[in-house]
Amino acid sequence: MDTITPADRAAGAADPDGPSRTGPLLYLRGVEGGRVALTVLLVVPRDGAPPVVETADGPVTGREIAATDGRRVLAFAIDLPMAAAAEYRVDGEAYPVDTAFEGDLRIAFVSCNGQEHDDSDRPLDERDALWRRLGGAHAERPFHLLLHGGDQLYADELLYCHPRVRAWARGKAPPGGPVDDAEAADIEQALRTAFFERYLQLLSQPAIAWLMARVPSLAMWDDHDICDGWGSLAVDKLDSPVGRRLFAVARAHFVTFQLGAAPDARPAICLDETGRSLGWHVALPGLDLIAPDLRSERRPDRVMGEAGWRMLDAALAAARGRRVLLLSSVPALGPRLSWVEALMGLTRRAEKYEDDLRDQWQSRAHRDEWRAFLQRLVHLQAGGGPAVTVLSGEIHLATRGTLVAEPGPIHQLVASGIAHPPPPQAYARGLGLLARLGESPLPDHPIRLHPLPGRRGIYTAQRNYLVLERRDGAWRTWWELEEDGPTPALDL
């Protein structure tokens, strides 16, 4: 049988025998003392020989952080020099990593890595076309960091793993009456198996696996990493026995496979000691990366709870770089939605879309909270503070916006999605008309939405990802569009 080479994997070639292991997957922990701290994650058969992970300093001892169905998840804490030619090895195979974070910098931002139905049945040539393109861009000029902005996993179909969960998802009363302890354990095990298998299936896809082994990741989740509309659903549904177990299992797998930590641990980058919020802050030379958790404490009438706001305030207070990249999984700057909510409230036929509107910062239910969020960003940038750029996904379109602030605008860059199919052009045009109405939740700080560089419409309905570059201290960005290729660069 022909050997699958690294170049083949970068192009998305599948291993016909299937992977005997998943990984390595690389997660950024931070920079200290001129060294870059990382975690390497590997999923291997329980009965097989453990993999040998090495750096230039010698072998690294791993630890088991999770196990299920004859497989175990191993985590290896490594640190590499801050250098363009750093590397680590797994069973003798070298994985080059560009960890030269001090000077020029290249960052990729992706979101919405899937679709609601039949995602695992899609041909990888179609599904992962932009992942292969991103891998090719890395092969030409390495990326230092891969940011995942939400909906890395579409868990919607996993809700069919158990009759009780399926009934919960359909909004029906669970058959058979209340859930007793034995059935609760059965539900939880079914969810654990479903989430574990889906993560392994996703992270073993060749184009994704090749890139995540060579570029350190930082990720924040959104609703589809749990289920569609999580947190914006009715409170009694969220807090039901099935809802509580769904969230607990989704959270454990997010921590393991997106943050690279034990499922019951608080990763060091996450600031909330209670664990109620999984928001994180990572400081790099000249750059602070901040991601508030907009799902863990979400309810129909709030986006974040007390723990989430404390985490965000602590991260903003600690920001010391010249630039802050803030991941807001749902866009922080967007069109006026209150009119849409009011019109939808006139008909019961629109009720199924209510949670989609409640997901947004601009919802009437979140308007005061939205103002508080934007006010923090304006305050951070004022008076010579770091320039703020917000990165978001979620809407399956590409766009950008600005918030008037001192000494210059706060930029919102939306890239969504890398694998989710785009909505119809008519939807993008209709949303663009709504966006032209403008929005000013803060006095003297109006929001404006803009077309991508070189485009006419405010929203671009193509699959896409975002590239950010720092060169000689100056930042610029562009979108890679599936059909039209890269946009002209935008100075930030």
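The values are calculated or read from the model by the stated rules, or taken from the named source; none is laboratory data. Predicted model, so just to flag it, every value in this text is computed and none were measured. Counting neighbours? That spans all protein chains shown, and the Cβs are built from the backbone with ideal geometry, glycine included. Remember, those area values only see protein heavy atoms, side chains included, never the ligands or the DNA or RNA. Shrake-Rupley method; radii C 1.70, N 1.55, O 1.52, S 1.80 Å.
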As a Kirkwood estimate from alpha-carbon pairs, segment 14-129 has a hydrodynamic radius in angstrom of 16.4 Å
Please list, in order along segment 202-219, the HN-Hα scalar couplings obtained from phi with the Karplus expression 6.51 cos²θ - 1.76 cosθ + 1.60 (θ = phi - 60°), rounded to whole Hz, x for Gly and Pro.
5, 6, 8, 4, x, 5, 6, 4, 4, 6, 6, 7, 10, 10, x, 10, 9, 9
Just how large is the dipole of segment 409-492 about the Cα centre, in debye to the nearest 20, putting +1 at every Lys and Arg Cβ and -1 at every Asp and Glu Cβ?
180 debye
Long-range amide H partners of Ala67 with built H, under 5 Å
Val73
If one computes the Cα centroid of segment 130-175 and of segment 194-241, what distance in Å separates the two points?
5 Å
Among Leu246, Thr99, Ile458, which residue has its Cα positioned farthest towards the positive end of the charge dipole of the chain, with +1 placed on the Cβ of Lys and Arg, -1 on the Cβ of Asp and Glu, and the dipole taken about the Cα centre?
Ile458
Radius of gyration and maximum dimension Dmax of segment 220-275, Cα, Å:
11.9, 33
Which percent of Cα-Cα pairs in segment 265-313 sits in each 10 Å bin, short to long?
29, 49, 19, 2
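Determine the order of Val43, Val179 by accessible area, beginning with the largest, at a probe radius of 1.4 Å. Walk me through the numbers on the way to the answer.
On the way: Val43 5, Val179 40 Å².
Solvent-accessible surface, decreasing: Val179, Val43.
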Quick check on segment 118-208: take the gyration tensor over C-alpha atoms, sort the square-rooted eigenvalues as a ≥ b ≥ c, and tell me if it's rounded (a/c under 1.5), prolate or oblate.
prolate
Quick check: from the Cα gyration tensor, does segment 61-144 come out rounded (a/c under 1.5), prolate or oblate?
oblate
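Which semi-axes, in whole Å and largest first, does the equivalent ellipsoid of segment 140-285 have when worked out from the alpha carbon gyration tensor as the square roots of 5 times its eigenvalues? List each step's numbers first, then the result.
Working: eigenvalues 187, 58, 33 Å².
Gyration-tensor ellipsoid for segment 140-285: 31, 17, 13 Å.
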Quick one: which residues, 5 or more positions from Trp475 or on another chain, have an amide H under 5 Å from its amide H? H modelled 1.01 Å from N in the peptide plane, none for Pro or chain starts.
Leu492
Beta bridge orientation in the chain: antiparallel %, DSSP, nearest 5:
75 percent
Note down the relative contact order for the chain as a percent, whole number, built from C-alpha pairs under 8 angstrom at least six residues apart.
14 percent
Under the Karplus relation 6.51 cos²θ - 1.76 cosθ + 1.60, θ = phi - 60°, what is the ordered set of whole-Hz ³J(HN,Hα) values for segment 288-298, x standing for Gly and Pro?
10, 10, 10, 9, x, 8, 9, 10, 4, 10, 5
Under the Karplus curve 6.51 cos²θ - 1.76 cosθ + 1.60, θ = phi - 60°, whole-Hz ³J(HN,Hα) for segment 28-38, x wherever Gly or Pro sits:
7, 10, x, 10, 8, x, x, 10, 9, 8, 9
Gyration tensor verdict on segment 445-490 (Cα atoms; rounded if a/c is under 1.5, prolate if a/b is larger than b/c, oblate otherwise):
oblate
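Mind checking the dipole of the chain: about its Cα centre, +1 per Lys or Arg Cβ, -1 per Asp or Glu Cβ, Debye to the nearest 20?
Working: 55 positive and 68 negative charges, 251 e Å.
Rounded to the nearest 20 debye, it is 1200 debye.
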Correct choice for Rg/Rh (Cα atoms, Kirkwood Rh) that was computed from the model, options (1) 1.58; (2) 0.99; (3) 0.95
(3)
Solvent exposure of segment 397-492 as accessible area per residue, Å², 1.4 Å probe
42 Å²
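Find the Cα radius of gyration of segment 227-326, compare it with 2.2 N^0.38 Å by division, and give the number to two decimals. Present the calculation step by step, with values, prior to reporting the outcome.
Numbers: Rg = 14.5 Å, N = 100, 2.2 N^0.38 = 12.7 Å.
Relative to the rule-of-thumb radius for its length, segment 227-326 sits at 1.14.
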